[in-house]
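Heads up, the thing below is written out as structure tokens.
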Amino acid sequence: MPEAVRVEPIAGALGAEIGGVNLAGDLSNSDFDAIHDAFLKHHVIFFRDQHDLTPEAHKSFGQRFGSLNVHPYVSGMDAHPEIMEIIKEPEEKLNFGGGWHSDMSFLEKPALGSILHAIEVPPFGGDTLFANQVAAYEALSDGMKAMLDGMVAIHSASREYSARGHSAQARKSMDAQVADDAPEYEHPVVRTHPETGRKALYVNPAFTLRFKDMTKRESRPLLNFLFEHSRDERFTCRFRWSDGAVAFWDNRCVWHYALNDYHGHRRHMRRVTVNGDRPA
Ligand code: SIN
């Protein structure tokens, strides 16, 4: 008799650990439905000890949720361009993803979700933080919600992947290109989740440059307020990695932040990113 899928929340705001699942095995439709339900309900889900998750199995799991993204600026694995290796070597200082963001909001159709597999974790630190943007939206006043509901923001990779940006800095361990001329896309400041119908804030400090029809200077005070508000501790959870662990987060309603507090130690992760739709 196969073990039943167990779902245990890890925090009040978001996040649940899923037990009784081998992601490398054949997932039955009912197991898949239980995982999908937990993903929509908890926004980020975690699996421990997925030591058999090969690159092929990692991609197969992602493909059950949609087509896979090939990152436009960061090279993937030679044999698996859809898998990004997120590595920080002991002697490196910068990490990848070390600021609050939603993956690929700089695309016309940003990522649905990201599936991160821990290959080697440091002896301490290197946790990932997550923030629930449905809760952040719902905590706003009616007046602020009414104003934001009609607003549009401009997103681009041009700052984060500029020559001076955090993500394109030369690293021994990752091959990222500079994209000073990356295109700009318009997304609603409040998006409606296409599967749950719930509203979520959809701006982030890495990729949101300004509001539509406003200058950067005019946009800054309100963006700063939203960036502060969206990462308030009451909307967050924190995941302590172990070798073989997997996190799967919903970029449509979650921010994340990779902590860079393990200097002198190696951290090696593999990420598959599932393509999403145009935010509405
Ligand atoms: C990322 O996908 O932004 C990196 C997350 C992490 O390494 O914890």
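The values are calculated or read from the model by the stated rules, or taken from the named source; none is laboratory data. Computed from a prediction, not measured in an experiment: that's the story for all the values here. Every residue, glycine as well, gets a Cβ built from its backbone with ideal geometry; the counts of neighbours run over all protein chains shown.
Out of the residues in segment 104-143 meeting the condition of being surrounded by fewer than 23 Cβ atoms within 10 Å (Cβ to Cβ) and polar (S, T, N, Q), tell me which one is nearest to residue 160 (Cα to Cα). For segment 104-143, the residue satisfying everything is 128. Highlighted here are the strands (runs of 3 or more DSSP E) found entirely within segment 1-96 that include at least 1 residues which are loosely packed, with under 14 Cβ neighbours inside 10 Å: 6-9. Can you tell me which condition residue 255 does not meet? The list is (1) buried (at least 18 other Cβ atoms within 10 Å of the Cβ); (2) part of a loop (DSSP other than H, G, I, E, B), and all the others hold. For residue 255, the exception is condition (2). So in segment 259-280, with the set limited to residues that are surrounded by fewer than 21 Cβ atoms within 10 Å (Cβ to Cβ) and closer than 26 Å to residue 63 by Cβ, which one is nearest to the ligand (Cβ to nearest atom)? My answer is 268. Of all residues in segment 233-252, those satisfying the criterion of being assigned to a strand (DSSP E or B), hydrophobic (A, V, I, L, M, F, W, C) and within 12 Å of the ligand (Cβ to nearest atom) are 239, 246, 247, 248, 249. Would you confirm, using the coordinates I've provided, whether residue 178 is away from the ligand (no atom under 16 Å from the Cβ), surrounded by fewer than 21 Cβ atoms within 10 Å (Cβ to Cβ) and β-branched (Val, Ile, Thr)? Yes. Taking the criterion of being assigned to a loop (DSSP other than H, G, I, E, B), without any contact (Cβ under 8 Å) to a residue 40 or more places away in the chain and either farther than 17 Å from residue 107 by Cα or touching a helix residue (DSSP H, G or I) at 6+ places or on another chain (Cβ under 7 Å) (or both), the residues of segment 147-197 that qualify are 150, 163, 164, 165, 170, 197.
Conditions tested, residue by residue: (1) more than 16 Å from the ligand (Cβ to nearest atom); (2) under 13 Å from the mean Cα position of the chain (by Cα).
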| residue | (1), (2) |
| --- | --- |
| 100 | no, yes |
| 104 | no, yes |
| 115 | no, yes |
| 120 | no, no |
| 126 | no, no |
| 129 | no, yes |
| 135 | yes, no |
| 139 | yes, no |
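Scanning segment 237-252 for residues that are of a type in the set (S, T, N, Q) and surrounded by fewer than 23 Cβ atoms within 10 Å (Cβ to Cβ) returns a single hit, 242.
Suppose the filter is among the polar types (S, T, N, Q), at pLDDT 95 or above and away from the ligand (no atom under 16 Å from the Cβ); does residue 162 pass it? Spelling it out, it is not the case that residue 162 is among the polar types (S, T, N, Q), at pLDDT 95 or above and away from the ligand (no atom under 16 Å from the Cβ). For segment 199-220, the criterion of being farther than 18 Å from residue 134 by Cβ, within 11 Å of the ligand (Cβ to nearest atom) and either buried (at least 16 other Cβ atoms within 10 Å of the Cβ) or modelled with pLDDT of 95 or more (or both) is satisfied by at least one residue.
When restricted to residues that are hydrophobic (A, V, I, L, M, F, W, C) and touching a helix residue (DSSP H, G or I) at 6+ places or on another chain (Cβ under 9 Å), segment 257-280 contains 2.
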